[in-house]
1. Within segment 99-109, is there a residue that is more than 18 Å from the chain's Cα centre (by Cα), within 18 Å of PHE214 (Cβ to Cβ) and of a type in the set (A, V, I, L, M)?
2. Counting only residues that are closer than 13 Å to LYS266 by Cβ and among the aliphatic types (A, V, I, L, M), which one in segment 160-199 is surrounded by the most Cβ atoms within 10 Å (Cβ to Cβ)?
3. Restrict the check to segment 45-55 and report whether at least one residue is of a type in the set (D, E, K, R), touching a strand residue (DSSP E or B) at 6+ places or on another chain (Cβ under 8 Å) and touching a residue at least 24 places away in the same chain (Cβ under 8 Å).
4. Considering each residue of segment 176-231, count those that are among the aliphatic types (A, V, I, L, M), more than 15 Å from GLY65 (Cα to Cα) and modelled with pLDDT under 75, and give that number.
5. Cβ-Cβ distance below 9 Å, separation of 6 or more or different chains: which pairs start in segment 1-24 with a residue that is exposed (fewer than 12 other Cβ atoms within 10 Å of the Cβ) and end on one that is assigned to a loop (DSSP other than H, G, I, E, B) and modelled with pLDDT of 90 or more?
6. Just give me the residues in segment 5-54 being among the aliphatic types (A, V, I, L, M) and assigned to a loop (DSSP other than H, G, I, E, B), in sequence order.
7. Of all residues in segment 63-84, which are touching a strand residue (DSSP E or B) at 6+ places or on another chain (Cβ under 7 Å), charged (D, E, K, R) and in a helix (DSSP H, G or I)?
Amino acid sequence: METKIIPKSMVAGVQTVIPVEVTQHREVRSISVGDPVRVGIFRRALNMVTYYKQEGDDSGWLAAGWIKESLGRALTEQPMLSGRVRRTEAVDGLEVVANDCGVRLVEAMFKASLPEFLEMVKRDKNRAEAETVFWRDIDELDPQFSPLLYVQVTNFESGGYSIGISCSILIADLILETDFLTKWAQIQSSLAHSQTTLKPIFYLPSLKQNFGNFIELSKSASVLDRSELVAVFQFQTCPKNSLSCMRKAVNGTCKKASPDVFLFVKEQGVSENSTGCDGMKVEIHSSTEPFSDCDCDRGGDLEETNVGVLDKKLAFGEKLKGTSCWIGSVSKGVVFVAQSTFGDDDKSVAKFIVALPKE
């Protein structure tokens, strides 16, 4: 059977979205990792895309115009999302600082209709979706210049569009643990419906009609080398050996994955030099590693949640046609763990986002 050609998206414009208010207290999140290049910490991101059919005068150009305004307002509550990674004086030391450098907003055009694209996804999902997005990994040499969050609005011919998010796994808990996406969608909906006779300030479709003037941007290897999300789990750990219990749980969950599984564990007080309250510890876990330091029986007590990672929180309306969610992995397994503590440290709940490499 003849392989059909999948067209490439072309970029109409790239903007930077910053919080509408200057961040007064610039929080810092320390990153504890022995070898960030080997671990691939710069290449790992949580990627989410939602697809929408067009109704009436609605379009991706219009949605992008409102996103420029709504996202700036939403970022005031989570300024770390518009921050940057920077190196510290310590060997291989890294930290994320909320410095208001901004989120990248990309507007693109895909030369096919949405139904045609969805048929391409059925034939070759990884390749079809990779041709639509342009987000980049964090630069390993100069990470301080790389955005930690990308948002892309892609317009399809004859109507329909998609909204995609690529968030560095170093700050992915701000997307997953908080109601950031919900609040952002509420602001977006409010702006789009409160003044129906007006257009957003950054709505410039007349400048984006000539497909011949669009450009193609390079994309990172991790866009293609991806780990599909297989499950989202919640796990209650014991207070004495919480990290050990989490390791034991990951061992049981990912034993069919590759020999090495990378744990991205959110912790408190990782570095004494950090001015923020949270940190991220990255470690390599072997699926054959014994766990003699964990003496509790909760290691396999995992409960799969009913709500997926993406859910409907990114749905800016009722026109949803489909969703997709994956982790940029660059091979090996990936597990992101966000641990929440309640009360007087007597109860903690860990939320696992488990991704396995392609077979």
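1. Taking every residue of segment 99-109 in turn, at least one turns out to be more than 18 Å from the chain's Cα centre (by Cα), within 18 Å of PHE214 (Cβ to Cβ) and of a type in the set (A, V, I, L, M).
2. LEU170
3. Of segment 45-55, the ones of a type in the set (D, E, K, R) are 53, 55.
Among the residues that remain, those that are also touching a strand residue (DSSP E or B) at 6+ places or on another chain (Cβ under 8 Å) are: 53.
Remaining after also requiring touching a residue at least 24 places away in the same chain (Cβ under 8 Å): 53.
The answer is yes; a qualifying residue exists.
4. Result for segment 176-231: 6.
5. VAL22/ASP100
6. Initial filter on segment 5-54 (among the aliphatic types (A, V, I, L, M)): 5-6, 10-12, 14, 17-18, 20, 22, 28, 31, 33, 37, 39, 41, 45-46, 48-49.
Passing the criteria: ILE5, ILE6, ILE18, VAL20, VAL22, VAL33, ILE41.
7. Result: LYS68, single match.
This table checks each residue for (1) closer than 21 Å to ASN47 by Cβ; (2) without any contact (Cβ under 8 Å) to a residue 24 or more places away in the chain; (3) part of a strand (DSSP E or B).
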site	(1), (2), (3)
ARG86	no, no, yes
GLU95	no, no, yes
PHE110	yes, no, yes
LEU118	yes, no, no
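The values are calculated or read from the model by the stated rules, or taken from the named source; none is laboratory data. On a predicted model such as this, the values are computed, not experimentally measured, just so you know. So basically every Cβ, Gly included, is an ideal-geometry build from the backbone, and we count neighbours across all protein chains shown.
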